[in-house]
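Following: one structure in structure tokens, then a few remarks.
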Amino acid sequence: MIRVSFFGIVREIVGEKETQVEAEDSVADLLEALSGRYGIGFGEKVLKTQERDLDLILILNGRHIEHIGGLSAPLKEGDHLAVFPLVGGG
Amino acid sequence: MEALRLLRVDLSAGTVKQEPLNPDWVRQFIGGRGYGTKLLYEELKPGTDPLSEGNKLIFANGPLTGSNVPTGGRYMVVTKSPLTGFIASSNSGGYWGAELARTGYMALVVEGKSKKPVYLWIKDDKAELRDASSLWGKDTHATTDAVLKEVGDPKARVACIGPAGEKLSRIACIINDKHRAAGRSGVGAVMGSKNLKAIAVKGSGTFKAANPEGLKETLRVGMQKIKENGVTGEGLPTYGTAVLVNILNQLGSYPYKNFQESQHEGAEKHSGEKLAETFLTGRTNCFACPIGCGRETALEDKKGEGPEYETLWALGSNCGVDDLEPIIRANYICNELGLDTISAGGTISAAMELYEKGFIPKEDLGVGPELKFGSADALVYWTEKMGKVEGLGEKMAQGSYRLGELYGHPEFSITVKKQELPAYDPRGIQGIGLTYAVSNRGACHVRGYLISPEVLGIPEKLDPWVTEGKAQWGKIFHDLTAAIDSSGMCLFTSFALGAGDYADMLKHGAGMDLDADSLLEAGDRIWTLERLFNLREGLDPARDDTLPVRLLEEPIPKGPAEGKKSRIDVMIPEYYKLRGWDEKGVPKPSKLAELGIK
Ligand code: SF4
């Protein structure tokens with residue numbers, strides 16, 4: 001299983017803090033599966049992320065996915081994906 | 001409004017005097033941070049004791065402060081810092097700066113020392129010093145209320161110090177509009193050393209754009225970018241800065257217990273998400289700000305603003321504290337007593353490590369709770385003692401470096417140039433470490449917020465673990481930030497806007513002849529002049545452009561960034577070179593000629 005945690009506005013959109021998902025091949029596949037589960041609000045965020053590489057900050061086991069293969073980063077049993085909206089601060 | 005002027009206040013003589021601004025300095029240094037730096041550089045006698053009457057305290061707006069450009073309400077406080085001994089330049093928002101602009105003054109230069117406590121009351125072009133004996137000892141909220149009552153204008157705006165500034169705490173800030181702080185480097189102590197309790201301002205002027213039509217179009221474009229940008233259009237308005245807690249913690253670059261570790265299991269308990277579920281009561285914004293990142297909060301017995309991300313970390317994880325309630329309470333205390341929250345948290349965390357390792361003896365605590373990591377009681381109690389400069393709090397109020405030195409272990413002070421580090425571990429995020437090390441005002445994240453590319457991916461995602469390219473990114477960010485800080489706008493707009501946008505606003509708003517390149521060049525000039533100021537005040541780059549030994553030698557012990565250490569040693573030589581400085585970190589004559597600095 002893959003543990004997925006949600007933060008910020010994404011947590012509000014999906015309505016939960018955390019979930020467990022059957023292992024998928026890649027982050028992209030996992031997001032597809034989650035879009036199916038959480039519907040349009042989450043799906044839109046995912047779509048925008050695919051298009052612009054923005055909108056979601058995706059951290060897999062403590063690494064931003066950009067540095068481990070992007071959306072095609074492979075997944076394995078026991079991984080943890082943290083899903084954040086694009087935010088900023090100082 | 002007529003041409004902007006400067007007000008010189010001589011507290012020793014008790015006089016005020018109007019002066020014109022120097023147009024060459026405006027052209028070269030813009031205003032705000034840049035103009036203030038130039039003024040200090042030209043006027044301050046080298047080697048002046050920061051807390052002596054010889055020091056000068058400068059409040060400087062940018063040319064766009066008080067205008068309708070987005071976030072055009074910022075001012076800077078520039079002086080010689082009693083914390084670092086180098087340049088202090090602290091930025092603040094709220095409404096005070098914009099009100100000062102309406103009086104027709106762009107800058108105030110406060111010199112000398114008053115014999116008794118006074119406050120300054122500026123109403124349009126008239127200014128007078130008034131007795132503040134009855135205000136001395138009051139906190140910033142009570143002071144603000146009392147001054148507003150006395151000047152008889154509830155719409156006036158007040159910047160003031162609390163007891164921490166009066167008692168010369170080297171980590172004291174200046175608070176305006178009750179909740180906004182010119183926070184860092186001990187600027188509040190300089191104000192206190194001059195016996196100046198507050199500055200109240202009220203003006204009736206209005207901003208006149210140099211080219212109203214041009215500005216209108218520039219604003220349309222700028223506002224659209226701010227609205228459409230994920231950070232400025234959604235992230236900051238919805239969650240403020242606090243949402244960063246979980247991100248940095250997930251990355252394992254969220255310093256815990258005075259940087260002994262870099263991930264905190266209890267962080268979720270004081271995250272932005274938790275704050276939104278619990279103590280959050282509303283949103284606030286500064287003057288002319290379409291972003292509105294400010295948070296209103298309330299405890300059972302008190303309400304206020306914040307805490308921001310930096311404060312949540314400094315008073316939370318850095319002290320090992322999980323829960324929001326004591327963090328919010330300590331944040332309120334800092335604002336009321338006038339302490340910089342980052343340095344306050346960094347000093348308590350250092351005191352906790354000193355105590356736990358046996359270097360602060362128990363008897364020095366008096367009746368206070370033990371300085372143990374994770375103790376909410378200790379956090380609240382010692383924040384108050386520090387703000388009131390009492391007991392051990394008196395020693396802590398001098399900042400962690402002096403505290404550590406006093407107890408024989410300055411290595412537990414996590415500081416650069418004696419100023420406490422912000423909330424990003426430079427071992428796990430290499431570029432921000434470069435910013436900390438070379439920042440002219442000591443450790444600081446907002447001199448060049450490399451977190452934007454290294455963590456958030458704006459404008460593009462850089463790997464936080466690598467050093468390659470960070471010197472180039474650092475230089476651009478440092479220069480751009482220096483220019484933004486001089487314009488009167490908020491740095492947070494830079495998630496959405498670029499150098500060209502700021503240049504256009506200054507061009508159409510203030511009639512300045514700037515484009516993206518010359519704006520960055522002005523930033524380079526400002527940064528370089530700050531450097532010259534520091535060198536004149538005794539900066540030794542080999543000793544001072546560095547990070548605490550812990551971050552260079554002790555790897556992050558666990559978590560995703562396990563094993564990482566800061567590699568500023570590779571970035572700094574490259575950075576000096578890009579700046580046109582020699583290998584020792586001194587600007588070369590050719591660079592000064594290029595920038596037109598004599
Ligand atoms: S973005 Fe936040 S800090 Fe900046 S001006 Fe707006 S409310 Fe103030």
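The values are calculated or read from the model by the stated rules, or taken from the named source; none is laboratory data. Source: prediction; values computed, not measured. Positions of Cβ are backbone-derived with ideal geometry, glycine not excepted, and every protein chain shown enters the neighbour counts. Remember, those area values only see protein heavy atoms, side chains included, never the ligands or the DNA or RNA. Shrake-Rupley method; radii C 1.70, N 1.55, O 1.52, S 1.80 Å.
For chain B, the relative contact order is 16 percent, taking Cα pairs closer than 8 Å that sit 6 or more residues apart in sequence and dividing their mean separation by the residue count.
Comparing the full protein assembly with the isolated chain (1.4 Å probe, heavy atoms, ligands and nucleic acids excluded), the residues of region A:1-35 losing at least 10 square angstrom of accessible area are A:7, A:8, A:9, A:11, A:12, A:17.
Counting other Cβ atoms within 10 Å of each Cβ, which trypsin sites (Lys or Arg not before Pro) in region B:479-570 have at most 15 and sit in a DSSP loop? Mind dumping the intermediate values first?
On the way: sites: B:507, B:525, B:531, B:536, B:543, B:550, B:558, B:564, B:565, B:567; in loops: B:558, B:564, B:565, B:567.
For trypsin sites (Lys or Arg not before Pro) across region B:479-570 that sit outside H, G, I, E and B with at most 15 neighbouring Cβ atoms in 10 Å, the list reads B:558.
Karplus-based coupling profile of region B:189-204, in residue order and whole Hz: 5, 5, 5, x, 5, 9, 6, 9, 8, 7, 10, 9, 9, 8, x, 10, with θ = phi - 60° in 6.51 cos²θ - 1.76 cosθ + 1.60 and x standing for Gly or Pro. With a simple spin-label model that places each label point 7 Å from the Cα along the Cα-to-Cβ direction, the separation between residue B:303 and residue B:68 comes to 3.1 nm.
Of the three principal axes defined by the Cα atoms of the protein assembly as shown, the extents in descending order read 76, 67, 53 Å. Calculated on the alpha-carbon coordinates, the convex hull of chain A measures out at 90 cubic angstrom per residue.
Rolling a 1.4 Å probe over the protein heavy atoms of region B:482-597, with every protein chain left in place, gives an accessible area that is 50 percent carbon and sulfur.
Chains B and A together bury roughly 2300 Å² of accessible surface, counting both sides and using a 1.4 Å probe on protein heavy atoms. Which of the lysines could a cross-linker bridge to residue B:38, judged by Cα under 16 Å and excluding same-chain residues fewer than eight apart? Here the lysines satisfying the reach criterion relative to residue B:38 are B:56, B:80, B:598.
Which entries in B:216/B:470; B:417/B:565; B:167/B:475; B:17/B:388; B:138/B:202 show an alpha-carbon gap greater than 27 Å?
Table pairs above 27 Å Cα-Cα are B:216/B:470; B:167/B:475; B:17/B:388.
How large is the Rg to Rh ratio of region B:236-419 when both quantities use alpha carbon positions and Rh follows Kirkwood? Ratio of gyration radius to Kirkwood radius for region B:236-419: 0.97. Taking all Cα-Cα distances within region B:5-202, those exceeding 30 Å account for 9%. In plain terms, if you count all Cα to Cα distances in chain B and split them into 20 Å steps from zero, the share in each step is 22, 60, 18, 0 percent. Helical runs assigned H by DSSP (4 residues or longer) give the protein assembly as shown a calculated mean residue ellipticity at 222 nm of -11500 deg cm²/dmol, each run adding -39500 (n - 2.57) before division by the residue total.
Could you list the residues of region B:493-529 with an amide nitrogen less than 17 Å from a label point located 7 Å from the Cα of residue B:460 in the Cα-to-C-beta direction? Label zone hits: B:498-499. In terms of overall dimensions, region B:348-430 has a Cα radius of gyration and Dmax of 12.7, 42 angstrom. Rolling a 1.4 Å probe over the protein heavy atoms gives the protein assembly as shown an accessible area of 34 Å² per residue. Mean partner shielding of peptide B:449-457, defined as the number of other chain Cβ atoms within 10 Å of each residue Cβ, is 3. Heavy atoms only, probe 1.4 Å: what % of the accessible area of chain A goes to carbon and sulfur, would you let me know? About 49 percent, which is the carbon plus sulfur part of the accessible surface.
A Cβ-based charge dipole, computed about the Cα centre of region A:2-85 with Lys and Arg at +1 and Asp and Glu at -1, lands at about 240 debye.
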